[in-house]
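Below is one structure, written out as structure tokens; comments come after it.
The values are calculated or read from the model by the stated rules, or taken from the named source; none is laboratory data. Fair warning: this is a prediction, and the values are worked out from it, not measured in the lab. Surface areas here come from the heavy atoms of the whole protein model, side chains and all, with no ligands, DNA or RNA. Shrake-Rupley method; radii C 1.70, N 1.55, O 1.52, S 1.80 Å.
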Amino acid sequence: QMQLVESGGGSVQSGGSLTLSCVASLRTRGGYCLGWFRQAPGKEREGVAVMDINGTPSYADSVKGRFTISQDAAKNTLYLQMNSLKPEDTAMYSCAASNSGCSGEFPYWGQGTQVTVSS
């Protein structure tokens, strides 16, 4: 089944940038909605960015203009480019995939990669 592996997390200063990668074990183009989620300590998991089956992205208001979700379909890889990072962006970031639409629960998840932004 679908397996996802994230990488690219790390520590960065406020205002810096990071790019997260998520490699999927199966071809994602042709039926999967893809997304990035994050969860900070003491907070619920939230959706950060989602790319639908057609490649149309949507973003949480908190990251609009700073984050960009993209996909290299040939490599089955999803990216999240994060610019102008803020301390409040600190969280565990996970990629997820769904083959049953972009709304509702995403059934496939990666292990997560930590992003820490210092002020």
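Taking a straight Cα-Cα cut-off under 20 Å and skipping sequence neighbours fewer than 8 places away in the same chain, the aspartates and glutamates within cross-link reach of Lys75 are Glu6, Asp52.
As a fraction of the 1.4 Å probe accessible area of the chain, surface on carbon and sulfur atoms comes out at 46 percent. Surface analysis of the chain yields an accessible area of 52 Å² per residue, using protein heavy atoms and a 1.4 Å probe. Contact order, relative form, for the chain: 37 percent (alpha carbon pairs under 8 Å, 6 or more residues apart, mean separation divided by residue count). When Cys95, Cys102 are compared by accessible area at a 1.4 angstrom probe, the order from most to least is Cys102, Cys95. Straight-distance candidates among the lysines for linking to Lys43, with alpha-carbon spacing under 19 Å and chain neighbours fewer than 8 residues away dropped: Lys86.
Counting only heavy atoms of the protein chains and using a 1.4 Å probe, Glu105 has close to 130 Å² of accessible surface.
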